[in-house]
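Engineer: Have a look at this one.
The values are calculated or read from the model by the stated rules, or taken from the named source; none is laboratory data. Quantities reported herein were computed from a predicted structural model and do not represent experimental measurements. Neighbour counts are summed over all protein chains in view; Cβ atoms, including those assigned to glycine, are modelled from backbone coordinates with ideal geometry. These accessible areas exclude ligands, DNA and RNA; they are computed on the full protein's heavy atoms, side chains included. Shrake-Rupley method; radii C 1.70, N 1.55, O 1.52, S 1.80 Å.
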Amino acid sequence: MDCFVITGGNRLRGQVTIKGSKNAALPIMAASILTEGETVLKGVPELADVEHLSFILEKLGVAVMRDEQRNIRLKVEDEMNCLAEYELVRKMRASVCVMGPLLAKRRYARVSLPGGCNIGDRPIGLHLQGMEALGGETELVSGDIHVKAKRLKGAEIFMGGPFGSTVLGTANVMMAACLAEGTTVIESAACEPEVVDLADYLNACGAGITGHGTPRITIEGVKSLHGCEYTVIPDRIESGTFMVAAAITNGDVKLANCRLDHLLAVVDRLRAIGVNVERDGDGAQISSSRHLEPVSVTTQPYPGFPTDLQAQFMALLSLAGGNSIVTEKIFPDRFVHVAELNRMGARLRKEGPTVIVEGVKQLVGAPVMASDLRASAALVMAGLCAKGQTKIARVYHIDRGYEHIEERLTALGADIKRLPE
Ligand code: EPZ
């Protein structure tokens, strides 16, 4: 296993190009199960999670390869196997997004029930409600969900849960509804840009989806879907992470290929903190003076503040001149980064789904442990500005969602090295 060794204090300067969205690419790759013919995906980042889903799709009879232009090519060659097994699903909960396409195209899916993970419980009851509403019969057998259907029929489906809508639940139902007979309406659908990107891909394959990006999505079922060539959207969470990296080091960084329109809530909080964010062509210029203002941050479903940037912002607010309040409304247990940041001199106090962040003058480097993707990114942010050296163990967590992050931070002037642990 590798670790990162970071010596803090360098101000980041220069330009970084944002890669394609992991959370758009994964369900779009799964959606290729629905199609006849080849799909060519452009802008898919080179990440462990993409490799992992490619492996799962290969076992499901989809030929997946990266061509010489680094595009991902997918083509269904064999529809016999419909099992996404526990050993594979437990490593990546997003694997559950093969369920809808398998049910719609092959009339059967057997997907291991994802366990919990470091950010909290990961139930899929809303996914299953959606499959049943379309005519699927579900059964839990030894930890695997079996879903089967003679045919799928369009329905009105409510996808709201106790924590708002579900992103991959909306994706699963939308994919299944593409090949159902008749019209499906998803009420309280997730509005995330990644769901919009999936719908745009499916429409490019011949689907009849409207309303994506709003809480009501309508899907007119079609007989079949063909392949297509498609470019995934830039990764808004990677964009937000690099914005925090620029701000926390009092740097001045240009983000190229950054969709500011996907980051309105994030830019709102950055500006409230005192970080300068300017639109610059297809991207943004981020700069920060030394003084950071304390603010309140509450995570919400899109277009609210994204839960996937909560940990990174907590690292930034650890250095604000006063007390900030961070409330997590999507994954109330998503605070594994709190103890690690406190080891670096942050003053964080958890009160249920809220953390009181008492700003400190400086963080101090320390050996810390990565645990989940975004918590690990927060530790990198803290290491970039901490006094002295920070060693982050188990950085494979970071490799799941950020492509060569240490090389790209080094190019901006950071002192960060990947070493064998
Ligand atoms: C997606 O996960 C993202 N992953 C997550 O990003 C992101 O944090 C999350 O959406 C919320 O925005 C991918 O897109 C691959 P949810 P998803 O279903 O779809 C509850 C990252 O770091 N819920 O929208 O699995 C659930 O417990 C990852 O890139 C139910 O109650 O999340 C949570 O509290 C981490 N019942 C809330 O809804 C269900 O059936 C939102 O979860 C499903 C979910």
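Engineer: For the chain, what is the percent of antiparallel DSSP beta bridges, rounded to the nearest 5?
Structural biologist: DSSP beta bridges in the chain are roughly 70 percent antiparallel.
Engineer: Taking a 22 Å limit on the Cα-Cα distance, which of the listed pairs Lys148/Lys329; Lys19/Lys254; Lys350/Lys391; Lys59/Lys153 fall beyond it?
Structural biologist: Over 22 Å apart, Cα to Cα: Lys148/Lys329; Lys350/Lys391; Lys59/Lys153.
Engineer: With bins 10 Å wide starting at 0, give me the P(r) of the stretch 305-383 over every alpha carbon pair, in whole percents.
Structural biologist: Answer for the stretch 305-383: a P(r) of 21, 60, 19, 0 percent.
Engineer: Something else: Given the DSSP H assignment, sum -39500 (n - 2.57) over each helix run of at least 4 residues in the chain and divide by its residue total; what's the result at 222 nm in deg cm²/dmol, nearest 500?
Structural biologist: Only helices count here, giving -8500 deg cm²/dmol.
Engineer: Starting from the Cα of Lys417, draw a straight line to each of the aspartates and glutamates and keep only those under 13 Å, dropping any in the same chain fewer than 8 residues away.
Structural biologist: Output for Lys417: Asp2, Glu406, Glu407.
Engineer: Classify the chain: rounded, prolate or oblate, from the alpha-carbon gyration tensor (a ≥ b ≥ c, eigenvalue square roots; a/c under 1.5 rounded; otherwise prolate if a/b is larger than b/c)?
Structural biologist: prolate
Engineer: Going from most exposed to least, what order do Thr166, Thr214 have by accessible area with a 1.4 Å probe?
Structural biologist: Ranked list, largest accessible area first: Thr214, Thr166.
Engineer: Right, something else. Excluding Arg279 itself, calculate the net charge of residues whose Cβ lies under 13 Å from the Cβ of Arg279, where each Lys or Arg counts +1 and each Asp or Glu counts -1.
Structural biologist: That works out to -1.
Engineer: Still on this structure, I have one more. On a 1.4 Å probe surface of the protein chains, which of Lys22, Lys361, Lys150, Lys417 comes out largest in accessible area, and what is the full order?
Structural biologist: Listed by decreasing accessible area, they come as Lys361, Lys150, Lys417, Lys22.
Engineer: I'd like the antiparallel share, as a percent to the nearest 5, of DSSP beta bridges with both residues in the stretch 22-231.
Structural biologist: Here the antiparallel bridges make up roughly 70 percent for the stretch 22-231.
Engineer: Rounded to the nearest 10 Å², what accessible area does Leu126 show when all protein chains are kept and the probe is 1.4 Å?
Structural biologist: 40 Å²
Engineer: At what distance in angstrom do the alpha carbon centres of the stretch 68-84 and the stretch 291-338 lie from each other?
Structural biologist: If we compute the Cα centre of each part, the gap is 38 Å.
Engineer: What's the carbon and sulfur percent of the chain's accessible surface, probe 1.4 angstrom, rounded to a whole number?
Structural biologist: Carbon with sulfur: 50 percent of the solvent-accessible area.
Engineer: How do the peptides 333-344, 273-284 rank, highest first, by the average count of neighbouring beta carbon atoms within 10 Å per residue?
Structural biologist: 333-344, 273-284
Engineer: Okay, next question. With a probe of 1.4 Å, find how much accessible area the stretch 318-421 has per residue, and write the answer as a whole number in Å².
Structural biologist: 41 Å²
Engineer: Expressed as a whole percent, how much of the Cα-Cα distance distribution for the stretch 379-421 exceeds 13 Å?
Structural biologist: Of all Cα-Cα pairs in the stretch 379-421, 56 percent lie more than 13 Å apart.
Engineer: Got a number for the accessible area of Lys350? Probe 1.4 Å, square angstrom, nearest 10.
Structural biologist: Counting only protein heavy atoms, Lys350 exposes about 100 Å² to solvent.
Engineer: Ignoring ligands, DNA and RNA, what accessible area per residue does the stretch 51-176 give at 1.4 Å, in Å²?
Structural biologist: That works out to 45 Å² per residue.
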